[in-house]
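This report refers to the structure that appears directly beneath it.
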Amino acid sequence: MAYSHSVFLFSLSVSPSLSLSLSLSLSHTQCSLPRSVWLGCSSVAESLCALRCLQSLPSSRAHNQVLLSSSLRSSCLSVRLIQFWHVCVLIFTQPLSYCLCVQFGNGSVAGLRKRTSQGNFEKEKDLCIQLFDQWSESDQVEFVEHLISRMCHYQHGHINSYLKPMLQRDFITALPAQGLDHIAENILSFLDAHSLCSAELVCREWQRVISDGMLWKKLIERMVRTDPLWKGLSERHQWEKYLFKNRTNEVPPNSYYHSLYPTIIQDIETIEANWRCGRHNLQRIQCRSENSKGVYCLQYDDDKIISGLRDNSIKIWDKQSLECLKVLTGHTGSVLCLQYDDRVIVTGSSDSTVRVWDGVSGEVLNTLIHHNEAVLHLRFCNGLMVTCSKDRSIAVWDMASATDISLRRVLVGHRAAVNVVDFDDKYIVSASGDRTIKVWSTSTCEFVRTLNGHKRGIACLQYRDRLVVSGSSDNTIRLWDIECGACLRVLEGHEELVRCIRFDNKRIVSGAYDGKIKVWDLQAALDPRAPASTLCLRTLVEHSGRVFRLQFDEFQIISSSHDDTILIWDFLNVSTNGQPERRSPSRTYTYVSR
């Protein structure tokens, strides 16, 4: 295919201000050359060099004609594509006039600017569009890529501004229009509260999707499923009855849950502030032991508290009225440890026996006689029970049922009484008066490692995930990484033996023979940069004797002591004036249908 040539005439002149102007006139017949090769230059810098060379020519040669020719050869494009390319280049290389100014005084360079197109642009543009529409999508994309690659950065910016809004899609509005409301709702259901508030303000359609999908209800339900604090609040404040139900007349509209959410957040902030400031409502149970005084162990749920006493008895208390519901007798020594579930109560005593009781009737179902001395602690879960004793041994039991309990293995290695055990599916952890914590494999019962660090005997510990927290008669609490055996932090503050300890995701709560209960910031304790002075959040002093055992949740601590009392420290129901009271009314949320 033959192509004609374009002739370029350059005119140069030097101004007094050292400005160089270049006038470019194009005598055009037919041309297939892009502008970028008119001077044979690949960059602005090369173009400036070329202009300087032209400037250095004698004045009589200031007007020179430069003939440039080029033939477009392409074997990869079809004949139709070549024809279209030829037509487009005709438009793209219409007669133009450019002015390039180079200010040598301040070094600034003004870019090229395109004048208004002339000629038969509209007609030729329509012809290009007609040819373009006949191509396949891949050919169209390939051509546009070639075209864009021959444009300057300034043109790229205009194209980007044009394309940007075209690439944006309001999919939340578009999906319901296609009958896919459930997909839009599912996408927005992953938002947190702040983002959900923002989404409601986008437009009416987004607000409608959120309302029809009951997304505030779903957000609260997700929090209740995953956060114990939310779950506890839903039960205590009675709005759980509006959750986890399909659409019925009893289910409030989305607006109810929208207004409920900030109220819940306010309640949570109040509870956290009560923990930090030590504000609580205190209730006291007088155990009235007949002979020797002291409550060695306890466990509670929403309805009851079960305690093991020094007088050999087990007492069950109503958690609301604080009245004694039942007394279990049978042990001939003090009840030192206990645990219960929905079916049974298991207790260990200084009489060296482990007894299994029916959780409803209180009848003794089984008595295990194995240890030679007092049973100091026990734990059972998922068909496995572990007991430890003053005889320095640990017994691992298979617990098929209350009446079918068999000894699997005896673990020996401690050189003093084993005071406490804990376990999960991976490890059994034991602590002893020999100052060590030993780790054993749950599946094989083989010894794994020893944790050394306490300077005196260890009285208590809890183990969960990778973390072990222990309390000792050296008056300190230590945090350990069970996998590597490293001591992560030492907490100091108690004045006597640390007798009991529990932790959750936020706090460590410890009780000691100094009669004090201390609340520690767990996350700060795990941060090596946190100053030691910031770790203890609050010290609670109400017991008049040694603190033997405690348990806590997001709302309360329940502790027992040598002073023969059980104390309930309630951080949820606190009077508005900050003074403890017997019982403040529960806050409830009620929806009234209209």
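Taking K and R as +1 and D and E as -1, what net charge do the other residues with C-beta under 9 Å from the C-beta of residue 398 add up to?
Numbers: positive: 408; negative: 404.
Net charge around residue 398: 0.
Going down the list 218/506; 293/315; 293/326, which pairs span over 22 Å between their C-alpha atoms?
Cα-Cα > 22 Å for 218/506; rest within.
Roughly what would the spin-label model give for residue 140 and residue 486, points 7 Å off Cα along C-beta, in nm?
Modelled inter-label distance: 6.0 nm.
Mind ranking 198-211, 132-145, 342-355 by how tightly packed they are, going by the mean number of other C-beta atoms within 10 angstrom, highest first?
342-355, 198-211, 132-145
If you stretched the chain out fully between residue 211 and residue 190, how much longer would it get, using 0.36 nm times the residue separation minus the C-alpha to C-alpha distance?
6.1 nm
Over the range 208-273, what percent of the accessible surface lies on carbon and sulfur atoms, probe 1.4 Å?
After summing per-atom areas, the C and S share lands at 51 percent.
Give me the percent of the accessible area of the range 371-523 that comes from carbon and sulfur atoms, probe 1.4 Å, all protein chains in place.
Result for the range 371-523: 42 percent of the exposed heavy-atom area is carbon or sulfur.
Any chance you could run the full-extension gain for residue 133 through residue 533? It's 0.36 nm times the residue separation minus the Cα-Cα distance, nm to one decimal.
Between residue 133 and residue 533, full extension yields an extra 136.5 nm.
Below 13 angstrom from the Cβ of residue 352, what's the summed charge of the other residues (Lys, Arg +1; Asp, Glu -1)?
Net of charged neighbours comes to -1.
With the contact rule set at Cα under 8 Å and sequence spacing of 6 or more, what percent relative contact order holds for the range 450-573?
16 percent
So what's the convex hull volume per residue for the Cα atoms of the range 277-570, in Å³?
In the range 277-570, the Cα hull volume divided by residue count equals 117 Å³.
Just the accessible area per residue of the range 277-570, please: how many Å² with a 1.4 Å probe?
On the way: 11810 Å² over 294 residues.
So the range 277-570 comes to 40 Å² accessible per residue, rounded to a whole number.
Once fully extended, how much extra length lies between residue 270 and residue 467, figured as 0.36 nm per residue of separation less the alpha-carbon to alpha-carbon distance?
Net length gain for the segment: 68.1 nm.
The values are calculated or read from the model by the stated rules, or taken from the named source; none is laboratory data. Note that the coordinates shown come from a computational prediction; the quantities given were computed from them, not determined experimentally. Note: ideal-geometry Cβ built from the backbone for every residue, glycine included; neighbour counts use all protein chains shown. Calculation scope for accessible area: heavy atoms of the full protein, side chains included, ligands and nucleic acids excluded. Shrake-Rupley method; radii C 1.70, N 1.55, O 1.52, S 1.80 Å.
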